[in-house]
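Undergrad: Quick one: structure below, then a few questions.
The values are calculated or read from the model by the stated rules, or taken from the named source; none is laboratory data. Since the structure is predicted, the reported quantities are computational estimates derived from the model, not experimental observations. Please note: Cβ atoms are built from the backbone with ideal geometry, for glycine as well, and neighbour counts cover all protein chains shown. Accessible surface areas use protein heavy atoms only, side chains included; no ligands, DNA or RNA. Shrake-Rupley method; radii C 1.70, N 1.55, O 1.52, S 1.80 Å.
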Amino acid sequence: MTGKSAAKVAVVGAGPGGLAAAMLLAAKGYEVEVFEKQDTVGGRSGELRLGEYRFDRGATFLMMPHLLEELFTLAGRSLHSYVSMKELNPLYSLHFGDTVFRPSTDQEQTEAEIERLFPGNGAGYRRFMADEDDKFTRVMPLLQRPFQSPADYIKRDVLHALPRLHATDTVYNRLSKYFDDERLRYAFTFQAKYLGMSPWECPGTFTILSYLEHRYGLYHPEGGINKVLEAMADVIREHGGRIRTSSAVNQILVNNHHASGLLLEDGEKVHADYVVLGADFGTAVTKLFEPGLLKKYTPVKMARKRYSCSTAMLYLGVDGAVDLGHHSVHFSGDYRRNVDEITRQGVLSADPSIYIHNPSVIDSTLAPAGKSSLYVLMPVPNLQAGIDWRQEGPAVRAQMMERLEHIPQLAGLSSRVEESKFFSPLDWRDNLDVYNGATFNLAHNLGQMMYLRPHNTFQEVSGIWLVGGGTHPGSGLPTIFESAKISARLLEEHDRAARSRSVAVAGTAGSGVPL
């Protein structure tokens with residue numbers, strides 16, 4: 001059957017996945033309504049305001065922007081009509097004590113920088129980029145289709161990718177084959193933190209993350225990542241969709257094991273033919289369904305799953321300019337120990353690594369003239385570690401400020417802070433409904449990837465499709481956007497088949513043929 005559908009789709013959560021799916025479905029003619037608990041769109045990647053200062057709450061850069069451009073094109077729009085993008089050069093600065101490595105997408109320049117700082121490793125960099133280029137062409141198709149049956153593992157694209165997946169190896173071990181300097185290994189493995197994992201445990205498949213940065217670059221949207229998400233909301237409205245902020249969903253209504261709508265926190269019932277679930281997966285399955293309804297994703301079973309690390313955040317409105325690049329990572333003196341404490345021991349590190357986002361160095365829209373919006377992230381254990389953040393929070397905040405003060409460019413920072421907010425794993429859970437405060441969602445170990453990750457088509461209740469970091473293909477904005485493309489396509493295919501069956505049944509009944 002052709003033509004646009006009049007089916008009603010309720011989207012739970014206005015994070016990147018929910019907005020992307022809503023945008024695609026609204027463009028297809030579905031009656032789309034998005035429900036968001038917070039008063040702004042964006043979820044954990046939304047905007048935070050402190051006085052006159054503005055911040056991205058979570059994600060701070062875009063990778064592989066062509067995937068985002070494709071998303072807007074599929075919705076009949078151009079990304080660049082809404083957002084101005086700036087490529088970052090260098091990608092970031094990586095600080096190992098007095099050694100600072102500043103790579104870029106210019107491979108000749110990066111190779112020369114590697115030879116200057118880490119003599120003898122330039123050829124390894126070239127081999128790494130060539131090998132990962134081959135891996136990427138094999139792996140990317142697996143990130144653009146669903147894995148909903150064990151039979152999906154024996155399809156041609158999986159068999160083609162298998163020799164280069166390195167899924168049983170680790171990210172750190174893979175990089176050790178190219179570089180003999182520990183600092184350089186860290187420079188190409190720290191990206192495992194984007195998945196909230198240790199490079200000593202993260203499957204070797206994910207060496208592709210550092211390759212993608214070096215191959216496709218990193219981009220800053222003017223005003224921050226949140227402006228991309230606000231642009232998605234604009235596109236949804238342009239296609240006739242509705243976005244209801246400050247509208248918390250209390251329960252997904254189910255009738256005969258099929259989603260029939262939503263019950264909002266204020267008691268309103270919303271009918272829907274289909275539901276797109278973009279809320280944090282662990283929180284959604286443990287809180288948004290009638291107790292006892294789900295069998296595979298019970299609270300007990302969800303508690304046993306592996307989750308990413310969390311983050312302690314400092315958002316600082318600073319008087320004056322800050323002499324750091326857009327992104328800088330300041331590594332612990334013993335990085336391996338620091339990572340082990342976060343991911344295995346579940347304790348706070350005495351010598352932590354920190355990430356600093358200083359967008360005001362290239363974007364004047366985020367702070368008053370002559371001032372800076374500074375974002376500081378410190379990876380920490382998630383709430384499974386049992387750390388009492390009500391007690392430890394003030395000490396961790398003080399530790400982060402002290403760590404910043406020891407960076408030469410930030411000496412005396414405390415006296416320049418005009419606005420500040422500290423955000424702990426407890427805040428991620430209680431304020432933004434992130435299960436276990438695990439900022440990067442379910443871990444990406446072998447037992448929680450592809451078919452073994454929650455499927456795009458929800459298995460336990462029909463009429464529900466999943467988007468976001470808790471479903472295939474996984475965490476990170478590019479893969480979250482791909483999850484939205486996959487799930488929107490699956491929903492549309494299901495709806496088209498359902499309408500065809502309805503027409504066939506109606507035609508048969510009208511002909512007088514007994515059913």
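Undergrad: Out of all the residues in the stretch 315-324, is one or more touching a strand residue (DSSP E or B) at 6+ places or on another chain (Cβ under 9 Å), closer than 30 Å to Phe96 by Cβ and free of Cβ contacts under 8 Å to residues at least 60 places away in the same chain?
TA: yes
Undergrad: Of the conditions (1) at pLDDT 95 or above; (2) in contact with a Gly (Cβ under 6 Å, 6 or more places away or on another chain); (3) assigned to a loop (DSSP other than H, G, I, E, B), His455 satisfies every one except a single condition; which number is it?
TA: (2)
Rundown of residues vs (1) more than 20 Å from Ser45 (Cβ to Cβ); (2) touching a Phe, Trp or Tyr at 6+ places or on another chain (Cβ under 8 Å), yes/no style:
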residue: Glu405; (1), (2): yes, no
residue: Ser420; (1), (2): yes, yes
residue: Pro425; (1), (2): no, yes
residue: Thr439; (1), (2): no, yes
residue: Leu446; (1), (2): yes, no
residue: Ile464; (1), (2): yes, yes
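Undergrad: Hey, another quick one. What about Thr439, is it out of contact with any strand residue (DSSP E or B) (no Cβ under 6 Å at 6 or more places or on another chain), β-branched (Val, Ile, Thr) and under 21 Å from Lys287 (Cα atoms)?
TA: So Thr439 does not fit the description; no.
Undergrad: Which numbered condition in (1) under 30 Å from Leu79 (Cα atoms); (2) in a helix (DSSP H, G or I); (3) touching a Phe, Trp or Tyr at 6+ places or on another chain (Cβ under 9 Å) is the only one that Phe147 fails?
TA: Among (1) under 30 Å from Leu79 (Cα atoms); (2) in a helix (DSSP H, G or I); (3) touching a Phe, Trp or Tyr at 6+ places or on another chain (Cβ under 9 Å), Phe147 violates only (2).
Undergrad: Assess whether Asn226 counts as being open to solvent by 10 Å² or more (accessible area, probe 1.4 Å), of a type outside the set (Asp, Glu) and in a helix (DSSP H, G or I).
TA: In short, no.
Undergrad: Okay, next question. Any residue at all in the stretch 164-176 that's closer than 23 Å to Leu88 by Cβ, at pLDDT 95 or above and open to solvent by 10 Å² or more (accessible area, probe 1.4 Å)?
TA: Scanning the stretch 164-176 turns up no residue that is closer than 23 Å to Leu88 by Cβ, at pLDDT 95 or above and open to solvent by 10 Å² or more (accessible area, probe 1.4 Å).
Undergrad: Hey, can you tell me all the residues within the stretch 105-124 that are closer than 18 Å to Leu218 by Cβ and out of contact with any Gly (no Cβ under 8 Å at 6 or more places or on another chain)?
TA: Once the filter is applied, which keeps residues that are closer than 18 Å to Leu218 by Cβ and out of contact with any Gly (no Cβ under 8 Å at 6 or more places or on another chain), the stretch 105-124 yields Asp106, Gln107, Gln109, Thr110, Glu113.
Undergrad: Using beta carbons and a limit of 8 Å, which pairs, at least six apart or on different chains, have the first residue in the stretch 486-515 and closer than 30 Å to Leu277 by Cβ and surrounded by fewer than 18 Cβ atoms within 10 Å (Cβ to Cβ) and the second one modelled with pLDDT under 70 and not polar (S, T, N, Q)?
TA: Going by the 8 Å Cβ cut-off, the qualifying pairs are Arg496/Met1; Arg499/Met1; Ser500/Met1; Val503/Met1; Val505/Leu515.
Undergrad: A further question follows. Is it true that some residue in the stretch 184-192 is in a helix (DSSP H, G or I), open to solvent by 20 Å² or more (accessible area, probe 1.4 Å), closer than 20 Å to Ser93 by Cα and touching a helix residue (DSSP H, G or I) at 6+ places or on another chain (Cβ under 6 Å)?
TA: There is at least one residue in the stretch 184-192 that is in a helix (DSSP H, G or I), open to solvent by 20 Å² or more (accessible area, probe 1.4 Å), closer than 20 Å to Ser93 by Cα and touching a helix residue (DSSP H, G or I) at 6+ places or on another chain (Cβ under 6 Å).
Undergrad: Under 8 Å by Cβ, and 6 or more places apart or on different chains, what pairs join a residue from the stretch 174-199 that is closer than 27 Å to Asn382 by Cα with one that is assigned to a helix (DSSP H, G or I) and among the acidic types (Asp, Glu)?
TA: Note: pairs meeting the criteria are Gln191/Glu213; Ser198/Asp340.
Undergrad: Any residue at all in the stretch 310-324 that is open to solvent by 10 Å² or more (accessible area, probe 1.4 Å), of a type outside the set (S, T, N, Q) and under 21 Å from the mean Cα position of the chain (by Cα)?
TA: Scanning the stretch 310-324 turns up no residue that is open to solvent by 10 Å² or more (accessible area, probe 1.4 Å), of a type outside the set (S, T, N, Q) and under 21 Å from the mean Cα position of the chain (by Cα).
Undergrad: Show the residue pairs meeting these rules: Cβ distance below 6 Å; 6+ apart or different chains; first residue within the stretch 253-282 and closer than 18 Å to Gly469 by Cβ and among the acidic types (Asp, Glu); second residue open to solvent by 30 Å² or more (accessible area, probe 1.4 Å) and at pLDDT 95 or above.
TA: Pairs that qualify, where the first residue is closer than 18 Å to Gly469 by Cβ and among the acidic types (Asp, Glu) and the partner is open to solvent by 30 Å² or more (accessible area, probe 1.4 Å) and at pLDDT 95 or above, are Asp280/Asp433; Asp280/Tyr435.
Undergrad: Right, something else. Condition first: in a strand (DSSP E or B), at pLDDT 95 or above and of a type in the set (Val, Ile, Thr). Can you find one or more residues in the stretch 262-274 that meet it?
TA: There is at least one residue in the stretch 262-274 that is in a strand (DSSP E or B), at pLDDT 95 or above and of a type in the set (Val, Ile, Thr).
Undergrad: If you don't mind, another one. Which of (1) open to solvent by 30 Å² or more (accessible area, probe 1.4 Å); (2) polar (S, T, N, Q); (3) in a helix (DSSP H, G or I) is the odd one out, the single condition Asn250 does not satisfy?
TA: With respect to (1) open to solvent by 30 Å² or more (accessible area, probe 1.4 Å); (2) polar (S, T, N, Q); (3) in a helix (DSSP H, G or I), Asn250 is out only on (3).
Undergrad: Sticking with this one: Only one of these is over 28 Å from Asp363 (Cβ atoms) and open to solvent by less than 20 Å² (accessible area, probe 1.4 Å): Phe72, Phe147, Phe55, Phe101. Name it.
TA: Only one candidate passes the filter, namely Phe147.
Undergrad: While we're on this one: Look through the stretch 109-144, keep the residues that are among the polar types (S, T, N, Q) and open to solvent by less than 10 Å² (accessible area, probe 1.4 Å), and return whichever of them is farthest from Thr479 (Cα to Cα).
TA: Selected residue: Asn121.
Undergrad: Applying the selection to the stretch 25-43, what residues are buried (at least 24 other Cβ atoms within 10 Å of the Cβ) and either closer than 20 Å to Glu69 by Cβ or among the β-branched types (Val, Ile, Thr) (or both)?
TA: Matches in the stretch 25-43: Leu25, Ala26, Val32, Val34, Val41, Gly42.
Undergrad: Here's a follow-up. Within the stretch 86-121, can you find the residues that are assigned to a helix (DSSP H, G or I) and over 15 Å from Arg185 (Cβ atoms)?
TA: Gln107, Glu108, Gln109, Thr110, Glu111, Ala112, Glu113, Glu115, Arg116
Undergrad: Looking at the stretch 72-89, which of its residues are within 19 Å of Glu222 (Cβ to Cβ) and either modelled with pLDDT under 95 or of a type outside the set (Ser, Thr, Tyr) (or both)?
TA: Correct list: Phe72, Arg77, Leu79, His80, Val83, Met85, Lys86, Glu87, Leu88, Asn89.
Every residue, every condition in (1) assigned to a strand (DSSP E or B); (2) in contact with a Cys (Cβ under 8 Å, 6 or more places away or on another chain); (3) within 19 Å of Tyr297 (Cβ to Cβ), yes or no:
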| site | (1), (2), (3) |
| --- | --- |
| Ser414 | no, no, no |
| Glu418 | yes, no, no |
| Phe422 | yes, no, no |
| Leu426 | no, no, no |
| Arg429 | no, no, yes |
| Tyr451 | no, no, yes |
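Undergrad: Any idea how many residues of the stretch 261-285 are open to solvent by 40 Å² or more (accessible area, probe 1.4 Å) and either closer than 21 Å to Trp428 by Cα or within 28 Å of the chain's Cα centre (by Cα) (or both)?
TA: The total comes to 2.
Undergrad: Hey, another quick one. Kindly provide the set of residues from the stretch 470-483 that are within 29 Å of Glu290 (Cβ to Cβ) and open to solvent by less than 10 Å² (accessible area, probe 1.4 Å), ordered by number.
TA: Gly470, Thr471, His472, Gly474, Ser483
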